[in-house]
1. Hey, what do the phi angles of the stretch 211-225 turn into as Karplus ³J(HN,Hα) couplings, whole Hz, using 6.51/-1.76/1.60 and θ = phi - 60°, x for Gly and Pro?
2. Roughly to the nearest percent, how much of the accessible area of the stretch 290-378 is carbon and sulfur, given a 1.4 Å probe?
3. Largest first, what is the accessible-area ranking of 301, 117 with a 1.4 Å probe?
4. Give the long-range amide H neighbours of residue 212: residues separated by 5 or more places, or on another chain, with amide H under 5 Å away, using H modelled in the peptide plane at 1.01 Å from N.
5. To the nearest 0.05, what FRET efficiency results for residue 388 and residue 316 with a Förster distance of 41 Å applied to their C-beta separation?
6. Taking the convex hull of the Cα atoms, report for the stretch 290-378 its projected area averaged over all directions, in nm².
7. Could you order peptides 174-183, 310-319 by the average number of other Cβ atoms within 10 Å of their residues, highest first?
8. Ignoring ligands, DNA and RNA, what percent of the 1.4 Å accessible area of the stretch 115-159 is carbon and sulfur?
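The values are calculated or read from the model by the stated rules, or taken from the named source; none is laboratory data. What you see is a predicted model; the values in this text were computed from it and never measured. When we count neighbours, we look across all protein chains shown, and the Cβ atoms used for this are built from the backbone with ideal geometry, even at glycine. Surface areas here come from the heavy atoms of the whole protein model, side chains and all, with no ligands, DNA or RNA. Shrake-Rupley method; radii C 1.70, N 1.55, O 1.52, S 1.80 Å.
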Amino acid sequence: MLGFMYLNRSKAIFLTLLILTIQCRTVLAAIEFDEECPSLTNASSLQQSQLIQRLTHVCRYDRLERPIDLQCQTGRLITRIIAEYSEAGERLPVKVKARIYIYYMQNLNSDLLQFKMQALLQLSFLDSRLAYQQYAPARKENILGQKHLSERLWLPHIFFANERESGILGTDEKDVLTSISPEGRIIISTRLQATLYCWMNFKKFPFDEQFCSTILESWMYNTTELVLEWEENSPISFNPDLRLTEYNMQRFWINESAVNSDGVNLRHGAFSGNYSSLSFTMNLNREIGFYLMDYFLPSMMIVAISWVSFWLQADASPPRIMLGTSTMLSFITLSSSQSKTLPKVSYIKVSEVWFLGCTFFIFGSLVEFAFVNTIWRRKENIELKKVNSKYIIKSTLTPRPSRRQMGLNNQSRTRSCSSLDNIVSSTESVANGNTNQSFNNYLTVHNLPIITTQSVDGTSEHIINLENKDSNGLNPGGENTTFTTMTPQEIAMWIDRQNMRLTSILNGQHFGNLAKVHGIVTYKLSPFEQRAFAGAIKNGLPNVFRRIRSNVFIVAPPFVIGYLVYNMVEARHHHLTRKNPAEFANDE
């Protein structure tokens, strides 16, 4: 069975060779006897334009037909035909090699999701119909021309798949260079400018990295007729002076693939099939220096300014309101100026998390002012079990009726009076049920149980028994009824002092006294007792030379080694970034 299949394949190849040989000899015979077809017998004496006109004459060259090798030379016919056809008798595709040199690249446009670049696109392929070494062996140089020469030749239709706008550079005449070698190697070099689409992910903005690709695809011919390949040596190269202000290119890589086009995905018009594709992707990291100086540091300063209101008195409403609202508006303006350059996306970015955090602190300072100002304007004192955060916040937020009800169940009262002489009158008022006193609170007396005694003359008077408690502060019944009274102003100032600690200045202290350091004895001298420059010349200069002499062999070697390594690395970097003349030997 295998022998039969091999015999049939051999017959098919033989018949194909026979038919092509007959066609080739027929074409040559027709050319020899066609009077309108110009001859190439004296091609060595022809000018370049004359040689191109004869090589591209309609009797020899069809620019709508892709290259095929049909040169009927003895000893070469079978080899060339076998190279152009596969074992199944199918015609092999044309291989087009590509190379890109990037002159200039603009920063990514985050709002429009695109970037611009100016580059040199070089396409190279073999068209043996234009080989003139057999007609003019003495002509060794390449034939060079511009756009008018490329218009006479078959060219592969290549386009940028992710382009939004592109064009060929040039003023008087478009910058298109065409080169034809004696072997028929055609090189098309085009200087172009393109605006390309790049999908970006801003979840980590401004600490993000982007991956932007440039995609080349065949427009007219599928993979059975044309295959795109990258050049083996330096397929992608960049201008050594190329710099990006906002991004830093970490690396790049190339890829070769095939893109499917069918009736649903009309990627290539009305044609269907697999189309060859080339792409190279750049990894760009965003530089955060601009955002650090223009966004993060100003936002931290604005938040710190909003905390200045903690040092103002609670009843200073105009300055505290002005600080809170102005800092809030300033921060919103700063954030909106940064968000204008970004697209409107649905996910949360790092910059938005920072925005929410700063807004929370600024808004918290406004809420804190409203809270302490409300407490400051209260007229009644607040009873506390202990002076700490738990009981102060609880007593402040607890409704007044429940506290009054709790106070009626106690057997003692806490009152404030202006002097000790008014203690008796104060307790009498409490016994009579009058709790609304109009005196100022200057002295607070705690735990005043009321005891009624009978004097010898039959009159009753009220005295204060300060010993009617055990050692633990409990009443004889075992109930702890110790309370402390704080004025609303004291509570408001206490809340402000607690907020000061959040701003790194604890309780109004200055830098240098923020922490309590134990075990250190400090001494202070008056400026008149100090001699700042005592012995500066007599003892200072000799001491400097002594220290240099003792440490020179410790400090100098690392500096010398570091300098040598730096020079070596700089020289190597300069050598690697130079253009290699061998890579441009065929570019004429």
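1. Along the stretch 211-225, the couplings run 10, 10, 10, 10, 10, 10, 9, 7, 8, 9, 9, 7, 5, 6, 10 Hz.
2. On the way: 3790 of 4940 Å².
Heavy-atom surface of the stretch 290-378 belonging to carbon and sulfur, 1.4 Å probe: 77 percent.
3. Values: 301 125, 117 5 Å².
Listed by decreasing accessible area, they come as 301, 117.
4. 282, 284
5. Efficiency for this residue pair is about 0.95.
6. On the way: hull surface 25.2 nm².
Projected area, direction-averaged: 6.3 nm².
7. Numbers: 174-183: 18.5, 310-319: 15.4.
Sorting 174-183, 310-319 by mean packing, highest first, produces 174-183, 310-319.
8. On the way: 1030 of 1960 Å².
Accessible surface attributable to carbon and sulfur in the stretch 115-159 totals 53 percent.
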